[in-house]
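Please read the structure below before turning to the comments.
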Amino acid sequence: MAEVGPISLQQVKDIGHAETESIDPHVGTLRQLLAVYTGTIESGAQSHKDGHTFRTRIVSFVPTSPLVIQTTSNKNLLTGSTVTASAISLALDESNAIFAVEDASVALEQVSLDGVTGSPFGLILRMGLAIQTGSLLRITYQVTALWASSDLTLTPSLPPTQSPLELTTPGIQFVHWTSADANGASGTLHGGEVTLSGPMGTAFFLHDDFRNFANAAFTPQLAETGMVEIAGGRGHSFTLSFGVAIQDPIFHLGSLGSVLTFPTGTAVTRLSGDDGFVVAGNVVTGTAANPVPGPDGTMGLSDSNGSIQLTGAFATVTFTLVPNFADGSIPDGVFLQVGGARSDNGQ
């Protein structure tokens, strides 16, 4: 299946919106807003006729009326949400067709909009689709959001082609991981299968709900995404294979207390990172450190964190990962996410 990616506002139909204010039961003097958003998305997702089940991701605004969304300057205004979504219009090529909305989530994310000053926050809907031998034409959704107040602004009418594509570098997608175990992981990227082989840890986020790549150490910042944990150790090596060639792949590396080494001659660029995240030639080095508590008291990532980018088109990437402490004798779990644009030569 071709990567569907961002959905434009003109593809969102049958829009409904209702809201009501009430008193916050926990703080009797504060009012809160409960809003319900409904609609259908024309996805146009189509599988190949090769018997395989293909998966892809879509991302869409949640409009209140045609070509209009709500925005806010307060990134903490959304205090709760639920999402339901299902396929409602299909074109089946064979009797054994498979189709599904595998997961759906909603989050308040920074947006860039034509005719709107600055980069306010807007409600963004993300879904994972699966289909075999057919087309998933339309998807219906219902989003229920609880806002801490009614401090929301309606945008003017936006261009029909406006989509969340403008939130990130055009064409860049990140892996949707679908399975993982002690020996590797697999997923999809730009409609092609991705496989990762090598020693793994135990922390796997297979529903694109990992949130620790949403800070300044990572480029681009990802509000919600997938993640697999690779294990650094003596002699540990990894092979990452793309079903579709990827141009200038990006690696998000979280909690890196190891030395990651690519083959000699690999061009590696440091995109961002904290002070202990160092790139020299084909080697990326992290420093072991204790986790830092976040503003809400939860413990964030430990060790070093950052993003790198390889130069060139890649169908396969190999690297080694050796801990940078205790003489490499203690395993080091590193959080990994990989993305990039489809190569012009990608098949």
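The values are calculated or read from the model by the stated rules, or taken from the named source; none is laboratory data. Note that this is a predicted model, so its numbers are computed, not measured. Neighbour counts run over all protein chains shown; Cβ positions are idealised from the backbone, glycine included. In case anyone asks, the SASA skips ligands and DNA or RNA and just uses the protein heavy atoms, side chains included. Shrake-Rupley method; radii C 1.70, N 1.55, O 1.52, S 1.80 Å.
Quick rundown of the values:
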{"quantity": "For segment 249-256, Karplus couplings with θ = phi - 60° (6.51, -1.76, 1.60), whole Hz, Gly/Pro x", "calculated": "x, 10, 10, 8, 10, x, 6, 8"}
{"quantity": "Sequence ranges 8-14, 330-336, ranked by mean other-Cβ count within 10 angstrom, highest first", "calculated": "330-336, 8-14"}
{"quantity": "Derived scalar couplings ³J(HN,Hα) [segment 129-141; Karplus, 6.51 cos²θ - 1.76 cosθ + 1.60; whole Hz; x for Gly, Pro]", "calculated": "10, 9, 7, 9, 6, x, 10, 9, 7, 9, 10, 9, 9"}
{"quantity": "Cut-off 11 Å between beta-carbons: net charge of the residues surrounding Phe210, Lys and Arg +1, Asp and Glu -1", "calculated": "-3"}
{"quantity": "Accessible surface, 1.4 Å probe, highest first, among residues Thr153, Thr64", "calculated": "Thr153, Thr64"}
{"quantity": "Asp209-Ser329 FRET efficiency (beta carbon distance; Förster radius 30 Å; 0.05 resolution)", "calculated": "0.35"}
{"quantity": "Derived scalar couplings ³J(HN,Hα) [segment 206-220; Karplus, 6.51 cos²θ - 1.76 cosθ + 1.60; whole Hz; x for Gly, Pro]", "calculated": "9, 10, 6, 10, 7, 10, 7, 9, 9, 9, 5, 6, 10, 9, x"}
{"quantity": "Probe 1.4 Å, accessible area per residue of segment 122-237, Å²", "calculated": "38 Å²"}
{"quantity": "Amide proton proximity set for Leu137, modelled H, under 5 Å, gap of 5+", "calculated": "Ser89, Leu90, Ala91"}
{"quantity": "Formal net charge of residues neighbouring Leu196 (Cβ-Cβ distance under 13 Å; K, R +1; D, E -1)", "calculated": "-3"}
{"quantity": "Distant-in-sequence amide H partners of Arg31 (H built 1.01 Å from N, under 5 Å)", "calculated": "Asp24"}
